[in-house]
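**Student:** What follows is a single structure, and I will ask about it in a moment.
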Amino acid sequence: MFFDRATIEVKGGRGGDGCVSFRREKYVPRGGPNGGDGGDGGDVDLVADPRLRDLTKFRFASHFSGRRGTHGQGSGRHGKRGADVELGVPVGTQVWLREEDELLADLAHPDARLRVARGGAGGSGNRHFANATRRAPTVAEVGEPGEERWLELRLKLVADAALVGFPNAGKSSLLRRISNARPKVADYPFTTIDPVLGTVELPDGSQFTVADVPGLLEGASQGVGLGHEFLAHLERARVLIHLVEAVDDPAELVRRRAAIDRELELHGGGLAGRPQLVVLSKSDLIEQPARPALLEALGADLACSSATGEGIPELVEALAAEIAARPLPEQVEADAEPELVDFLVYRPRPPARRGFRLLRDNGTLRISGKELEQRIAALDPDLDRDRSRLAAELEALDVEPALRAAGAKDGDEVLVGVHRLTFHPTPAQEPVA
C-alpha cells in the first residue's frame with residue numbers, strides 16, 4: 001500500500017545541567033568555582049532521500065527525539081552535545097505544522113534538509129554565577145528542554161511527466177511499455193490503486209521519469225473514485241500525458257477529454273494550465289482510415305497502441321522534447337518564510353527564548369528572570385488575590401512544564417524571586433476518546 005501522508009511528533013533533546021563544583025588543590029587557597037556547562041541537546045532533522053518512495057516507515061513509528069546533552073563536570077569540563085536524529089523522507093515531501101496548518105518547507109530536491117526540532121541549550125555551571133560579592137556560588141542552571149511539535153508530512157511525487165485519464169484508458173500498459181516500471185495490468189478498471197513511478201531511458205543515455213496515478217472519474221475533485229486522493233501527485237509534473245481510449249464516436253472522445261480537463265481545473269494547484277500531450281490510446285482497436293478524423297476531433301497530438309507498439313517511439317520522442325522545453329515548476333514558498341541556505345538546507349526562524357532561567361540552588365529549584373522578579377516582588381503569596389496573580393504570571397511563562405522536565409515533584413519547594421512556593425502540578429488531562 002502506498003502511504004503519502006504521515007503525522008509525527010518530533011522533540012529536540014534536553015540540554016544537560018550545569019555543574020556545581022569548586023577547585024580543591026593543595027596549596028591553592030580559595031580555588032573558586034569551576035563547574036562546567038551542560039551540553040546542548042540533539043536536533044531532529046528531515047532529509048530528502050532519493051532512495052525512498054513513500055512514507056511507510058512512519059506508519060508504526062511516529063515519535064522521534066534528539067538525545068539529551070550530558071551534564072557539566074568539575075574542573076571546567078563541559079558536557080557533550082546530544083546526538084542528532086536524522087529522518088529520511090522521500091523527495092517531494094512537504095512538511096506542515098499540524099496544529100497551525102502552516103507549511104514549513106517543501107523538500108523537493110535530493111538531500112534537501114530541514115531542522116524541525118532544535119535541542120535545548122545546556123545549563124551554565126556555577127563558575128558563571130561568581131562575582132565580587134559571591135565568590136562561592138552553589139547555583140547552576142538547569143538545561144532547557146528542546147523544541148517539541150507535531151508535524152504532518154504530505155508527499156507529492158516528483159516526476160517529469162504524469163499519466164492522466166479515465167480508468168482503463170491504458171495508462172499502466174503504456175508505462176510498462178516505455179519505462180522500467182511494472183504496474184499491474186488487467187482488463188478491468190482501477191487496476192492501479194497506488195501511484196507508480198517509472199524511468200524512461202533515451203537512446204542518448206538521458207532519462208526522464210513518468211508517474212501513473214489511479215484513473216479519474218467525473219467528480220474526482222469532490223472525492224468520487226480513487227483518483228481524487230492522488231491528484232496532488234500531478235502538481236509537480238512538467239507535462240501531463242492525457243490518454244483518451246479510442247472509440248468510434250468522435251463526440252464521445254471530446255466528452256471524455258473535456259471531463260478530465262474539468263476535474264483538473266476544479267482540483268486547482270495549477271493543473272489546468274499544465275502542458276498536455278493528448279494521446280489517442282489503444283489505436284489498434286480503430287481501423288486505419290478512421291484514425292485521422294478521430295485525431296482531429298479530439299485535438300490529439302498522436303495515437304499509439306501499447307499492445308502492438310505502434311506509435312510508441314514517436315510518443316517517447318515527442319514527450320522527451322516537450323519535457324526538455326519546459327522548466328521545473330517553481331517551488332512553493334513556505335508561509336514560515338524559511339531561510340534557504342545553499343538551496344538545500346531550510347532553517348526556519350528560531351523560536352523566542354523563554355523569559356526566565358531555571359536554576360538549581362543547593363538542590364532547590366529556583367526560577368530566575370529580571371522581568372518576572374520585578375513583576376511579582378510586591379505580591380504576597382499569603383493573600384488570595386496576590387496568589388492568583390502570581391499563578392497567572394507563572395502560567396503565562398509556561399513555568400510548570402519546565403519544572404516538570406527538570407524533575408520537580410508534587411510538594412517540592414520552588415523559589416520564585418523572594419517567594420518560596422510549594423509545587424503542585426496540574427493533574428494530567430484524560431485523553432479524549
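**Student:** Give me the aspartates and glutamates in straight-line cross-link reach of residue 57: C-alpha distance below 15 Å, same-chain residues under 8 apart excluded.
**Tutor:** Of all the aspartates and glutamates, those that pass the test against residue 57 - Cα under 15 Å, at least 8 places apart if same chain - are 4, 9, 49, 86, 152.
**Student:** Want the number for residue 288 to residue 370: 0.36 nm per residue separation, take away the alpha-carbon distance, what's left?
**Tutor:** Working it through step by step, the gained length comes to 20.8 nm.
**Student:** Net charge around residue 250, counting only other residues with Cβ within less than 12 Å of its Cβ (Lys, Arg = +1; Asp, Glu = -1)?
**Tutor:** Around residue 250, the surrounding residues sum to 0.
**Student:** Is the shape of the range 5-160 best called rounded, prolate or oblate, per the rule: a/c under 1.5 gives rounded, else a/b larger than b/c gives prolate, else oblate, with a ≥ b ≥ c the square roots of the Cα gyration tensor eigenvalues?
**Tutor:** Prolate shape, in that a/c is at least 1.5 and a/b is the bigger ratio.
**Student:** Please give the charge dipole size of the range 355-433, origin at the Cα centre, charges +1 on K and R Cβ atoms and -1 on D and E Cβ atoms. Round to the nearest 20 debye.
**Tutor:** Here the range 355-433 has a charge dipole of around 260 debye.
**Student:** May I pose another question? Can you work out the FRET efficiency for the pair residue 3 and residue 272, with r the C-beta to C-beta distance and R0 = 30 Å, to the nearest 0.05?
**Tutor:** After rounding to 0.05, the efficiency reads 0.60.
**Student:** Report the FRET efficiency, 1/(1 + (r/R0)^6), for residue 134 and residue 410, where r is their Cβ-Cβ distance and R0 is 25 Å, rounded to 0.05.
**Tutor:** Once rounded, the FRET efficiency stands at 0.20.
**Student:** Another question about this same structure. Evaluate the distance, in nm, between pseudo-label points positioned 7 Å from the Cα of residue 386 and of residue 251 along their respective Cα→Cβ axes.
**Tutor:** 8.9 nm
**Student:** Still on this structure, I have one more. Is there a pair in 11/80; 80/409; 11/409 whose C-alpha atoms are over 25 Å apart, and which pairs would that be?
**Tutor:** 80/409
**Student:** Select from 3, 143, 60 the residue farthest towards the positive end of the dipole of the range 1-160; place +1 on Cβ of Lys and Arg, -1 on Cβ of Asp and Glu, and compute about the Cα centre.
**Tutor:** Value computed over the given set: 143.
**Student:** If you don't mind, there's one more thing I want to ask. Exactly which chymotrypsin sites (Phe, Trp or Tyr not before Pro) in the range 20-114 are in a DSSP loop and have at most 14 other Cβ atoms within 10 Å?
**Tutor:** 27, 60
**Student:** In terms of Cα to Cα distance under 26 Å, which lysines are near enough to residue 171, apart from those fewer than 8 places away along the same chain?
**Tutor:** List returned: 156, 184, 282.
Where a number appears in this text, it was derived from the coordinates with a stated rule and is not lab data. All values derive from a computational prediction rather than experimental measurement. Quick reminder, even Gly has a Cβ in these numbers, built from the backbone with ideal geometry, and neighbours come from all protein chains shown.
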